[in-house]
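Here the structure comes first, spelled out in structure tokens, and everything after it is commentary.
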Amino acid sequence: MNYPKLILIGVFLFLISACSNDEPTRLTNIKGLIPDLAFELTDENNAAVTEKNYSGYTTAVFFGFTSCPEVCPTTMHQWAAILKKLGDSAALVKVLFISVDPERDTTDKLKKYTALFGPAFIGLRGEDAVIKAMTKRYRVTFGYGDKDTQGDYEVSHSSAVFVFDQYGKARLLSTQSSAPDDLLHDLKNLLASSR
Amino acid sequence: MSALTYLLPWEFSPVLLLSVLIIGGLYTRAVFLKVNKERTAKFYWQVLSFYLGLLSIYIVSHTYVDYLSQYMFWVHRFQHLVLHHLGPLLLVLGGIQWVRQGVPSRFPGWHCVPVFIRLPSELCYRFIQHPVIAPVVFVGLIYMWLIPEIHFAAMLSKKLYWLMNWSMLIDGFLFWWLVLGPEWQGEQKGFKTRLLMMVVVVVPQQLLGAYLTLSRNVLYDVYDVCGRAWPISPLSDQIYGGVITWIPASMMSVLGLVLVLRRRLIYLKRAEHELS
């Protein structure tokens, strides 16, 4: 290995370390990489909500859509199972399901959908431009495929769950490939540290 | 979506905008100063090449293409092809050194910069432009930003993304400047070295491109994590990206090789002409 490469890697590690914190996490630690939780959306009961409505809770934010065949239900089921394992402290967690398909996802539809997974799950929606701005803030995106004869279309979206602590600071990133045990381990630590 | 969505920057960068305006402005001034003296076809080709280079860099960094590059692996590979290969090469062929002649004479020259800034800068420049170091950095940077863990962080963090693209652009420029810049005009001044440098950078790029294209696993899950710009299978995305790294990128390096050979040919012809 040569010097420039070493220097570059050094610079890189420095930048990374400046963003990460001391306690080791099993999942990807995104402290400092992603901005704090902030939004103005409509919840599944048609009420206007902001991040302040969930302050004090550890929140898991997911960008999905209710007609999603695979990624969304799998992820939501995974989180429902994790919350069961957390026991009492699960009351301090809210899972925010933010629709990236507001055209098809009405508040009613979102309410029915999140009810499948439990009371901690809340569906949120907003105008297309609002959702676009919000996904940009978290460096994720979504896009639509062409409509078929029935008017259905595919949606590409983020498969990640961003976990924010009780102060709305970004902490963890879990993906479909994250092991449930790791997720449980990190969530327990996060909840314990926020007491 | 309106046309404006495609033209406006996804993330506004004052640094990029100012750099493009200043370099483009100074170059244009120099061209106007020169235009009456040099009316050769070569001059006009060079001017065209410069503006194309500058425009291509601007388009991939400061329009909708930048958005797509963040959410599609193959567009990202295309962006780096322009930032690291095509754009800087066109700038160097376009005679970017004229920018210096475009600087109004009332501005102080490089020799007026304080020694404590000038000396370290010159040393760094000489180090990175060493014929052994330069190709290693050129290929090393491509490899480094494609290490899956590093790539993940670079795509997720705005700061690292910025660092990645600037490092590619600056390194691309330094490399092509070294290989095809105006400082080198003859055989004595390192024709063989330059030829070797070009050969050395082609092979690792082809290996990398082939690896990306032929890999059966999805190597970069950050595009699943962050979502893609439109629905496309992860593996197709990776294959397109691999092909872009494999064929056009290494083709550009072969083109560089041909340009080095051509420059030598012209030099030899001129030398022969002077002898006879």
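Zone of B:S215 (label point 7 Å along Cα→Cβ, backbone N under 16 Å): which residues in the range B:237-276?
B:237-247
Taking chain A as a Gaussian network, where each spring joins two C-alpha atoms under 10 Å apart, which residue of A:A170, A:A81, A:A47 fluctuates the most?
A:A47
Round to the nearest 10 and give me the degree value, 0 to 90, for the angle of helix B:14-34's Cα axis relative to the longest principal axis of chain B.
That works out to roughly 30 degrees.
Please give the average number of partner chain Cβ atoms lying within 10 Å of the Cβ of each residue in B:214-227, rounded to a whole number.
Mean number of neighbouring Cβ atoms from other chains: 4.
Averaging over every viewing direction, what projected area does the convex hull of the Cα atoms of chain B cover, in nm²?
Directional mean of the projected Cα hull area for chain B stands at 17.6 nm².
Relative contact order, percent, of the range B:61-189 when contacts are C-alpha pairs under 8 Å separated by at least 6 residues?
Averaging sequence separation for qualifying contacts and normalising by length gives 37 percent for the range B:61-189.
Springs between alpha-carbon pairs under 10 angstrom, Gaussian network model over chain B: which of B:V132, B:V243, B:V202 fluctuates most?
Most flexible of the set in this elastic network: B:V132.
How far is helix B:41-62 tilted, in degrees, relative to the longest principal axis of the Cα atoms in chain B, given as a value from 0 to 90 rounded to the nearest 10?
In chain B, helix B:41-62 runs at an angle near 30 degrees to the longest axis.
How crowded by other chains is B:155-162, given as the mean number of beta carbons from other chains within 10 Å of each beta carbon?
4
Could you compute the net charge surrounding B:Y240? Neighbours are other residues with a C-beta less than 14 Å from the C-beta of B:Y240; K and R count +1, D and E count -1. It would help to have the intermediate numbers written out before the result.
Details: positive: B:R77, B:R228; negative: B:D237.
Surrounding charge for B:Y240 is +1.
Could you check which residue among B:T245, B:T40, B:T213 shows the biggest mean-square fluctuation in a GNM of chain B with a 10 Å Cα cutoff?
It is B:T40.
Using mean Cβ contacts within 10 Å as the protection proxy, how do B:108-118, B:134-144, A:173-183, B:73-83 order, highest first?
So the order, starting with the most tightly packed, is B:73-83, B:134-144, A:173-183, B:108-118.
Taking the inverse of the average 1/r across all pairs of different Cα atoms in chain A, what Kirkwood radius in Å do you get?
Final number for the Kirkwood radius of chain A is 17.7 Å.
Scan the range B:165-238 for trypsin sites (Lys or Arg not before Pro) in coil per DSSP, keeping those whose Cβ has at most 11 other Cβ atoms within 10 Å, and list them by number.
When the trypsin sites (Lys or Arg not before Pro) of the range B:165-238 are filtered for loop state and at most 11 Cβ neighbours within 10 Å, B:R216 remain.
Once R0 is set to 41 Å, what does the formula 1/(1 + (r/R0)^6) return for the Cβ-Cβ distance between A:K31 and B:L4, expressed as a FRET efficiency to the nearest 0.05?
Step by step, r from the Cβ atoms, then E = 0.70.
Just add up the charged neighbours of B:L219: K/R +1, D/E -1, any other residue whose Cβ is under 13 Å from the Cβ of B:L219.
-2
Grab the beta carbon distance between B:H273 and A:K132, set R0 = 56 Å, and tell me the FRET efficiency rounded to 0.05.
0.35
Work out, step by step, the length gained on full extension between B:L235 and B:R29: first 0.36 nm times the residue separation, then minus their alpha carbon distance; give nm to one decimal.
69.4 nm
Kindly provide the helix-only [θ] at 222 nm of the protein assembly as shown, computed as the sum of -39,500 (n - 2.57) over DSSP H runs of four or more divided by all residues, to the nearest 500 deg cm²/dmol?
About -18500 deg cm²/dmol.
What is the sum of charges around B:Q70, taking Lys and Arg as +1, Asp and Glu as -1, for the other residues whose C-beta is under 12 Å from the C-beta of B:Q70?
+2
Longest span of chain B, sites excluded, free of GluC sites (Glu not before Pro) in DSSP loop with at most 12 other C-beta atoms within 10 Å?
B:39-182
What do you get for the angle between helix A:180-193 and the principal long axis of chain A? Use alpha-carbon atoms, 0 to 90 degrees, nearest ten.
Long axis of A:180-193 versus the principal axis of chain A: about 80 degrees.
Of the DSSP beta bridges with both residues in the protein assembly as shown, give the percent that are antiparallel, rounding to the nearest 5.
In the protein assembly as shown, approximately 60 percent of DSSP beta bridges are antiparallel ones.
Each value in this text was obtained by applying a stated rule to the coordinates, not by laboratory testing. What you are looking at is a predicted structure, and each value in this text was computed from that prediction instead of being measured. Every residue, glycine among them, receives a Cβ derived from its backbone with ideal geometry; neighbour counts consider all protein chains shown.
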